[in-house]
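Here is the structure we will look at, set down as structure tokens.
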Amino acid sequence: MSRPQPAAARTRAGAPHSPALLAGIAARLGAFAEDAEAFGIVLCSDYDVATRYLVQLQQIDRLAQSLREMANVLSAANPEAAVAAIRLGELRHALEQIDAR
């Protein structure tokens, strides 16, 4: 007769997380995206900073977009469709590869 596994073991084995936890994580990721975007906007408003650190500012923007896209996946009723709708090709491909395993 087998004993029930602790919740942590069931989660590691692939059991789904609670909808409330996923919604909370999605909300936090969305907030981080907004913070990163606001930070980038402040930095871009300084001409010297914007011209000197253009590549890094683009990376901040990509980070904000990635966080927002992952938040959308976590909060989606259909995560597979949400992954397919990701506009950032590299992120979409990475998540599709993870889901294919």
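So Val55 clears everything in (1) over 12 Å from the mean Cα position of the chain (by Cα); (2) closer than 17 Å to Ala31 by Cα except one condition, right? Which one?
(2)
Taking region 70-91 as the search range and keeping residues that are among the small types (Gly, Ala, Ser) and under 16 Å from Ala23 (Cα atoms), which one is surrounded by the fewest Cβ atoms within 10 Å (Cβ to Cβ)?
Ala77
Looking at Gln65, Gln56, can you tell me which residue is touching a residue at least 24 places away in the same chain (Cβ under 8 Å) and either part of a loop (DSSP other than H, G, I, E, B) or not charged (D, E, K, R) (or both)?
Unique residue meeting the criteria: Gln65.
Collect the residues in region 1-50 that are over 23 Å from the mean Cα position of the chain (by Cα), at pLDDT below 90 and part of a helix (DSSP H, G or I), keeping them in residue-number order.
Scanning region 1-50 gives Ala7, Ala9, Arg10.
The values are calculated or read from the model by the stated rules, or taken from the named source; none is laboratory data. In this text the structure is predicted, and so the values were computed from the model without any measurement. Note that we place each Cβ from the backbone using ideal geometry, even for glycine, and neighbour counts take in every protein chain shown.
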